[in-house]
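Below is one structure, written out as structure tokens, with a few remarks after it.
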Amino acid sequence: MNRLLQRFVYRFSNCARTAAVCLFILFLFLCLPTQAHGEGWVFFRSEIPLHMDTIKYLKSQCSHPLVFCPVGKTSFSFIESHPPEFVVVLGDAALQLALTMLWKVPILVSLVDHPPTDSRIVFLDTQQPYAMQIQLLKKLMPAMDTIWYPYVSERLAPCHCLKQAVASAGIRINSHRLNDPRTLPGALRKLAEQTTAIIFPPDPGIMNNAIIQSIFLASFRSKTPAVSFSEALVKRGAIFAYVLSPENLAASISEIIDEVLVNGQPQNSKRVFEHWELILNMTILEKFKLPISDQIRDAAKKLF
């Protein structure tokens, strides 16, 4: 009788241990992160046209399934529900939301000036191509020695990249903060110098109609060429712009996603956007008597 009882207890203990091990494995399977979902999350702001246009092209260019997560409409419960395979971020607000994730997955960040230090981030730098702008200006104006740079927001004061591009070209920068409208007339007097060109930053404060119209009027009177970042400003009177198109941005994002998923997180977490589209205002170039070569003309995406 005792032997039968001992065998029963022994077998029961083995079964209990086996059941405990199985339950523990099931717990790990359910609770630990997994890449089984294979989807990418795209964080963006639905009220920004560039974000929406980029998403339109991402849908057709990205070979991986995407889940779109607009800021203000994406719940934390969804973010915590399961890990994506990768994340795409468009803009600062989207980045703040994406960084609430605990998942250790690649986060491709674009349309942000300076992302925080985070081992998950791969940064696509879409800052204005100042070196390209100055290089083309020097071809059009070999005697140019000064860049007149207006801004309102302190965030868009001359950055390291602009200062470096100016120094490399052997010219100088004359920057003016126009947060007080009363300083504008004095700042515009600098445009009377024949060896000066204007570079507009993507500063919403400068886009105030009174400021931008005053700058263009002074530019036309003194024949001081202006370089912009948008097609709209080229139409208004800038001689050229290197424009970030949503189609090219989506293509660059898709390329980096493919690379990261194949090769893993890169050691160099910063990439520089290269596929800028050149737009020329031929009317203003002719009025300012700035010769444009056939090579530059042929490289332009649009002519006005």
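If you model region 99-246 as an ellipsoid using its alpha carbon gyration tensor, with each semi-axis the square root of five times an eigenvalue, the axes come out at 31, 17, 14 Å, biggest first. Any chance you could check the Cα centroid distance between region 67-87 and region 258-282 for me, in angstrom? Here the answer is 24 Å between Cα centres. In units of the compact-protein estimate 2.2 N^0.38 Å, region 147-231 shows a Cα radius of gyration of 1.02.
Counting only lysines at least 8 places from Lys104 when in the same chain, those with an alpha carbon closer than 25 Å to its own are Lys59, Lys73, Lys270.
Put simply, the amide H of Trp148, placed in the peptide plane, has neighbours under 5 Å in Asn174, Ala197, Ile198, Ile199, leaving out anything fewer than 5 places away on its chain. For region 36-83, a Kirkwood radius taken over Cα pairs fed into Stokes-Einstein (20 °C, viscosity 1.002 mPa s) yields D = 184 µm²/s. Using amide H atoms built in the peptide plane, which far-off residues or other-chain residues are under 5 Å from Arg271 H to H? The answer is Phe123, Leu124, Asp125. Near Val152, once Lys and Arg are set to +1 and Asp and Glu to -1 for all other residues with Cβ below 14 Å from its Cβ, the sum equals 0. Taking Cβ atoms as reference points and 15 Å as the exclusive limit, the residues near Val71 contribute a net charge of 0, counting Lys and Arg as +1 and Asp and Glu as -1. Structure remark: mean-square fluctuation, Gaussian network model of the chain, C-alpha springs under 10 Å; the largest value among Leu188, Leu58, Leu90 belongs to Leu188. From the coordinates of this entry, volume of the Cα convex hull per residue in Å³ is computed, and it appears in [x] 165; [y] 198; [z] 138 under the label [x].
For region 215-232, putting each phi into the Karplus relation 6.51 cos²θ - 1.76 cosθ + 1.60 with θ = phi - 60° gives couplings of 5, 5, 4, 5, 5, 5, 5, 8, 6, 9, x, 10, 10, 10, 10, 9, 5, 4 Hz, in residue order, rounded to whole numbers and with x for Gly and Pro.
Counting only helical runs of four or more DSSP H residues, what would the 222 nm mean residue ellipticity of the chain come to if each run contributes -39,500 (n - 2.57) and the total is spread over all its residues? Intermediate results must be reported in sequence, preceding the final value.
On the way: 12 runs with 131 residues, N = 304.
-13000 deg cm²/dmol, from helical runs alone.
Computed over the chain with a Gaussian network model linking Cα atoms closer than 10 Å, the most mobile of Arg236, Arg182, Arg271 is Arg182.
Per residue Cα convex hull volume for region 47-144, in cubic angstrom? Show your work: numbers first, answer last.
Numbers: hull volume 13.7 nm³, N = 98.
Taking only Cα atoms, region 47-144 has a hull volume of 140 Å³ per residue.
Mean projected area of the convex hull spanned by the Cα atoms of region 200-300, taken over all viewing directions: 8.5 nm².
Only the coordinates and a few stated rules stand behind these numbers; no lab work does. Keep in mind that this is a model prediction, so the values were computed, not measured. Note that each Cβ is placed from the backbone with ideal geometry, even for glycine, and that neighbours are counted across all protein chains shown.
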